[in-house]
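Report on the structure given below.
The values are calculated or read from the model by the stated rules, or taken from the named source; none is laboratory data. Given the structure is predicted, the values throughout are model-derived calculations rather than measurements. Cβ coordinates were reconstructed from backbone atoms using ideal geometry, including for glycine residues, and neighbour counts include every protein chain displayed.
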Amino acid sequence: MRLLSHLYPSLAVIALAAGLTMIPVAAMAAPRPVVLELFTSNGCSSCPPAYTLLSALRDDPPVDDVELIVLNEHVDYWDKLGWVDPFSSSAFTQRQRTYARQVFASNQVYTPQLVVDGVAPMVGSRRNEAVAAIRRQATRPSVPVAITVSRLAASRLDIDVRVDPAAVDGAFRVRVALTQDNAVSRVGGGENGGRTLTEDGVVRDWQLARQDSGQHYRAQLTVPADLDERNAAVVAFVQRVPLWHIVGAKRVPVTESGAHAAEYNDLVRR
């Protein structure tokens, strides 16, 4: 039985009287983050089932003590096929192609493609394959990451990411993303013409962080005018190069923006 004794001292007294074992809160293991990158387009009729699957897995992870972080990255090569996806970006197309060439030794790109922690590619709607990859990644070590979000202006966020370079085996990059849950698209053409699609984890802005000093990496994100910040989060992840394996990640809701240094320090001490 785990009790938050520092928040509820009376519970500690009851537990001691009952002979229960007290476990310090700082010793509780944080969930192991696993990043699910979905390359998708709202012009693709095969993609909505992947939205449903990833949201379901995130809300009810198939592995204990795992946090699934969804990043829906909308490519732009579907835009010429009857519907221009407002979430699409050439940056995501380039990222998918880089994965294909440099990581998976293939020139093949498709939607919906799911990449788990930068390691395992698969069709994004195949639950069994996704669960197997999540289980594998859940057993691997994770580098602690902390995020502090500061408001620069109504449409600008300053992101400070804390990562200890000594904790990462080899060279790496830190990338930050602004994501939107419950993103609704009313598709006016293409394969999904006339449909209303809803998805989580849509990447609305995306930047490579620069090393500011020591363990601190900085980036700025633009908040779109149509974004409801109650559904928004900042994600930071650490990706080794040139292997592109994701070895650490953190997700913080924008409405809870603030320092997570204490949590980070607890993770580092373990």
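Can you work out which of the residues in the range 136-153 that are part of a loop (DSSP other than H, G, I, E, B) and within 16 Å of the chain's Cα centre (by Cα) is surrounded by the most Cβ atoms within 10 Å (Cβ to Cβ)? I'd like the intermediate steps shown before the answer.
Looking only at the range 136-153, we keep the residues that are part of a loop (DSSP other than H, G, I, E, B), and these are 139-145.
Pick out the ones that are also within 16 Å of the chain's Cα centre (by Cα) and you get 142-145.
On the way: SER142: 22, VAL143: 22, PRO144: 21, VAL145: 26.
Per the criteria, the residue is VAL145.
Does GLY194 satisfy the condition of being without any contact (Cβ under 8 Å) to a residue 60 or more places away in the chain and either out of contact with any Lys or Arg (no Cβ under 8 Å at 6 or more places or on another chain) or closer than 20 Å to PHE92 by Cα (or both)? Give the steps one after another, and end with the answer.
Values: without any contact (Cβ under 8 Å) to a residue 60 or more places away in the chain: yes; either out of contact with any Lys or Arg (no Cβ under 8 Å at 6 or more places or on another chain) or closer than 20 Å to PHE92 by Cα (or both): yes.
Against the criterion (without any contact (Cβ under 8 Å) to a residue 60 or more places away in the chain and either out of contact with any Lys or Arg (no Cβ under 8 Å at 6 or more places or on another chain) or closer than 20 Å to PHE92 by Cα (or both)), GLY194 qualifies.
Restricting the range 212-253 to residues that are assigned to a strand (DSSP E or B) and free of Cβ contacts under 8 Å to residues at least 24 places away in the same chain, which is farthest from the chain's Cα centre (by Cα)? Walk me through it before giving the result.
Applying the first criterion (assigned to a strand (DSSP E or B)) to the range 212-253 yields 212-213, 216-222, 232-240, 246-253.
Keeping just the survivors that are free of Cβ contacts under 8 Å to residues at least 24 places away in the same chain gives 213, 253.
Working: SER213: 24, PRO253: 11 Å.
Filtering the range 212-253 for residues that are assigned to a strand (DSSP E or B) and free of Cβ contacts under 8 Å to residues at least 24 places away in the same chain, the one farthest from the chain's Cα centre (by Cα) comes out as SER213.
Could you tell me which of the residues ALA17, ALA29 is among the hydrophobic types (A, V, I, L, M, F, W, C), closer than 27 Å to ALA133 by Cα, modelled with pLDDT under 95 and surrounded by fewer than 12 Cβ atoms within 10 Å (Cβ to Cβ)?
On the way: ALA17 fails: closer than 27 Å to ALA133 by Cα.
Every option except ALA29 fails the conditions.
Results for (1) modelled with pLDDT under 95; (2) surrounded by fewer than 19 Cβ atoms within 10 Å (Cβ to Cβ), shown as yes or no for each residue.
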| residue | (1), (2) |
| --- | --- |
| ALA219 | no, no |
| THR222 | no, yes |
| ASN231 | no, yes |
| VAL234 | no, no |
| PHE237 | no, no |
| VAL241 | yes, yes |
| ILE246 | no, no |
| ALA249 | no, no |
| PRO253 | no, yes |
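Taking ARG156 and the conditions (1) loosely packed, with under 15 Cβ neighbours inside 10 Å; (2) under 21 Å from THR52 (Cα atoms), which numbered condition does it fall short on, given that it satisfies the others?
(2)
Going by the conditions given, is ALA120 crowded, with 16+ Cβ neighbours inside 10 Å, farther than 27 Å from PRO224 by Cα and among the hydrophobic types (A, V, I, L, M, F, W, C)?
Working: crowded, with 16+ Cβ neighbours inside 10 Å: yes; farther than 27 Å from PRO224 by Cα: yes; among the hydrophobic types (A, V, I, L, M, F, W, C): yes.
Yes; evaluated as a whole, the condition is true for this residue.
I'm trying to understand the selection: among the residues of the range 78-99, which are modelled with pLDDT of 95 or more, out of contact with any strand residue (DSSP E or B) (no Cβ under 7 Å at 6 or more places or on another chain) and either acidic (Asp, Glu) or crowded, with 18+ Cβ neighbours inside 10 Å (or both)?
Listed by number, the residues that qualify are TRP78, ASP79, THR93.
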